[in-house]
Amino acid sequence: MEDIINKKLVLDYFSGHTTPLQKKVVEVWLQDENNHEQYYEWLHEWESTHLQATASWEDAFNRTQHWVNEELPASPPFVSIYHNRGWWFNFNHKMVAAIVLIALVGASVFGFKDQLLYKTVRVGYGQTSQIALDDGSVVALNANSSLRFPRFGFGDGTRTVELTGEADFQVKHSPSHQRFVVLTPKGLQVTVLGTQFTVFARQRRSQITLRTGKVALQMSQMPQEPAIIMKPGDLVTMDNVGKVTRTHTANPDIQSSWKQKRITLERTSLKEIASILQETYGFQVDIKDPELANRTATGSFPARNADEVLEMITELFDINFTRQENKIVFKD
């Protein structure tokens, strides 16, 4: 399929110059989500040179509106509805069809425009990725994380990105002093002008560690509360019930040691390590002994892959484990 699909074929597809067989090949290729990014890049390029073209969804939507406004009775007489069941039955079905069609067209338009205007980078288990944003800022994404940002640059407004998972940010200060905002799923908003910080936004908690500069934290659940102003070395954590704690760390780089393919522990319990294994590698971890789950360890170790991490854990805690596919059981 990859040998058949090329840029010229897809551009011809946009122009309507493909044969029925070529059109079918492109549609089959589009069923794979991994090809959507390339599709939208070529679509943007084609639309940039065909500005006079009107998107087909607009024609469909306008035709539907015309049909609803001009062809359907605006206010049918009550007596006619009561005595003519067949007419009312047909009217109901036409009205329902129109509403459903408008809803479907609207939803598809919104989804299409959203995918066209915004780009989402997703990183799988056991992987990391580095993203260079249009403004010169650099984002390192940890495993099992995603970042959503404007596809064609931030423009003159606030530079806003959406993070799920874990990322390290090196934000470049803009000449116009544009704010850089990181939004997380649990409503934590990080606002900066130019700084370096790490954001952890997973199911078990949200956490921000500041290395340089200054950031302001705002919780969407408490919009009236003043923002928390962080200084270098500050570590702010919000748990699942919304409780916020603020501490200071002498070595904030520890929170982003995963960029160097390392795992750093500071009196970290085996239970906490089990959560890291789940978030980073997709494992389901079971610890049979509660006392073992609370046992802690400290140190910095290589973490190039899951096997290396598991070997480190067994030697560090002097324990055994069994593994069946993605399920791991630790035993003392």
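The values are calculated or read from the model by the stated rules, or taken from the named source; none is laboratory data. What you see is a predicted model, and the numbers here were worked out from it, not measured in a lab. For neighbour counting, all protein chains shown are included, and Cβ atoms are generated from backbone atoms with ideal geometry for every residue, glycine included. Each accessible area value is taken on the protein alone, full model and side chains, heavy atoms only, with ligands, DNA and RNA left out. Shrake-Rupley method; radii C 1.70, N 1.55, O 1.52, S 1.80 Å.
Trypsin sites (Lys or Arg not before Pro) within region 252-328: which are DSSP loop residues with at most 13 other Cβ atoms inside 10 Å?
261, 288, 304
Which order do 193, 141 take by accessible area at a 1.4 Å probe, largest first?
Largest to smallest exposure gives the sequence 193, 141.
At most 16 other Cβ atoms within 10 Å and a DSSP loop assignment: could you name the chymotrypsin sites (Phe, Trp or Tyr not before Pro) in region 131-224 that fit?
The qualifying sites are 152.
Please give the net charge around residue 21, taking every other residue with its beta carbon less than 14 angstrom from that of residue 21, where Lys and Arg add +1 and Asp and Glu add -1.
Its environment carries a net charge of 0.
Which of the lysines could a cross-linker span from residue 23 if the Cα-Cα distance has to be under 27 Å and same-chain partners fewer than 8 positions apart are dropped?
7, 8, 113, 119
Between residue 296 and residue 27, how high is the FRET efficiency from 1/(1 + (r/R0)^6) when r is the Cβ-Cβ distance and R₀ = 45 Å? Nearest 0.05.
Once rounded, the FRET efficiency stands at 0.25.
In nm, to one decimal, how far is the residue 247 label point from the residue 193 one, both placed 7 Å along Cα→Cβ?
Each label point is offset 7 Å from its Cα along the Cβ direction, giving 3.1 nm.
How do 300, 220 rank by accessible surface area computed with a 1.4 Å probe, from largest to smallest?
The residues order as 220, 300, largest area first.
Run the quick spin-label model on residue 323 and residue 203: label points 7 Å from Cα toward the beta carbon, then report their separation in nm to one decimal.
Taking the simple label geometry, residue 323 and residue 203 are separated by 2.1 nm.
In nm, to one decimal, how far is the modelled label at residue 269 from the one at residue 311, with both set 7 Å along Cα→Cβ?
Taking the two extended label points, one gets 2.9 nm.
Can you list the lysines whose alpha carbon is less than 28 Å from that of residue 288, not counting same-chain residues fewer than 8 positions off?
Within the straight-line limit of under 28 Å, residue 288 reaches these lysines: 271, 327, 331.
Name the lysines eligible as straight-distance cross-link partners of residue 259: C-alpha to C-alpha under 21 Å, and not fewer than 8 places from it in the same chain.
Straight-distance partners of residue 259: 172.
Please give the net charge around residue 183, taking every other residue with its beta carbon less than 13 angstrom from that of residue 183, where Lys and Arg add +1 and Asp and Glu add -1.
Every neighbour counted, the sum reads +3.
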